[in-house]
Amino acid sequence: MDFTEAQNDVVRSVAGSADVGAWERLLADVEILEHGDSYQIDYVCLAIVRKPDGEFASAQFKLDETARGAIATLYRQRKDDAGDVIGGFELKIDQPGHFRFDYLNGAPKRINGVWDEERAHVLNNYLDVYKSELAAR
């Protein structure tokens with residue numbers, strides 16, 4: 001499997017895990033750490049949805065086994081084919097299917113017990129972040 005296929009599998013499986021109804025954006029903030037022949041995966045997944053009154057809301061969702069497997073496959077692809085060990089990534093998926101990966105090339109923080117106040121603030125206030133992005137367009 002090449003890099004593009006591995007990314008596409010992650011996108012499809014993350015979107016398939018989002019059991020939140022109609023969404024406008026999905027955010028998956030994922031960390032991964034290899035332990036021998038297994039992987040520890042930590043994630044925060046959020047969906048931005050539009051309520052019937054037209055306002056936006058944020059909803060969390062969980063990744064299913066298919067998505068976690070696709071993440072491990074992407075990790076392996078980067079390590080085996082490119083010699084690149086990633087600590088995780090942020091994936092944004094916008095309707096109608098545009099996506100963007102931002103990779104973390106350092107050690108994963110949450111998995112290693114390192115508090116990242118800035119990242120926590122972004123995730124805890126992601127609805128406001130999304131609204132700000134829309135206003136800036």
List the residue pairs whose Cβ atoms are under 9 Å apart, where the first residue sits in segment 76-103 and is over 24 Å from ALA47 (Cβ atoms), the second is open to solvent by 50 Å² or more (accessible area, probe 1.4 Å) and assigned to a helix (DSSP H, G or I), and the two are 6 or more positions apart or on different chains. GLN77/PHE3; GLN77/GLU5; ARG78/PHE3; ASP81/PHE3; ALA82/PHE3; VAL85/LYS79
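Residue under question is LYS51, and the condition is that it be within 20 Å of GLY16 (Cα to Cα) and open to solvent by 30 Å² or more (accessible area, probe 1.4 Å); does it hold?
On the way: within 20 Å of GLY16 (Cα to Cα): no; open to solvent by 30 Å² or more (accessible area, probe 1.4 Å): yes.
Criteria not met by LYS51.
Quick check on segment 25-36. Is at least one of its residues open to solvent by less than 40 Å² (accessible area, probe 1.4 Å), without any contact (Cβ under 8 Å) to a residue 60 or more places away in the chain and small (Gly, Ala, Ser)? So that I can check it myself, show each step before the final result.
At the first step, the residues of segment 25-36 found to be open to solvent by less than 40 Å² (accessible area, probe 1.4 Å) are 25-32.
Now drop any that are not without any contact (Cβ under 8 Å) to a residue 60 or more places away in the chain, which leaves none.
Taking every residue of segment 25-36 in turn, none turns out to be open to solvent by less than 40 Å² (accessible area, probe 1.4 Å), without any contact (Cβ under 8 Å) to a residue 60 or more places away in the chain and small (Gly, Ala, Ser).
Just one of ASP102, ASP84 is open to solvent by less than 80 Å² (accessible area, probe 1.4 Å), out of contact with any Pro (no Cβ under 8 Å at 6 or more places or on another chain) and either in a strand (DSSP E or B) or among the aromatic types (Phe, Trp, Tyr) (or both); which is it? Quick ask: steps written out before the conclusion?
On the way: ASP84 fails: either in a strand (DSSP E or B) or among the aromatic types (Phe, Trp, Tyr) (or both).
One residue alone meets the criteria, ASP102.
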Within segment 16-62, how many residues are in contact with a helix residue (DSSP H, G or I) (Cβ under 7 Å, 6 or more places away or on another chain) and assigned to a loop (DSSP other than H, G, I, E, B)? 2
Could you please find all residues in segment 44-88 being of a type in the set (S, T, N, Q) and touching a Leu at 6+ places or on another chain (Cβ under 8 Å)? SER58, GLN60
Restricting attention to segment 105-137, the residues that are open to solvent by less than 70 Å² (accessible area, probe 1.4 Å), assigned to a loop (DSSP other than H, G, I, E, B) and in contact with an Asp or Glu (Cβ under 8 Å, 6 or more places away or on another chain) number exactly 2
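The values are calculated or read from the model by the stated rules, or taken from the named source; none is laboratory data. Since the model is a prediction, treat every value here as computed from it, not as a measurement. With ideal geometry, Cβ positions are generated from the backbone for all residues, glycine too; neighbour counts draw on all protein chains shown. Note: areas computed on protein heavy atoms with side chains; ligands, DNA, RNA excluded. Shrake-Rupley method; radii C 1.70, N 1.55, O 1.52, S 1.80 Å.
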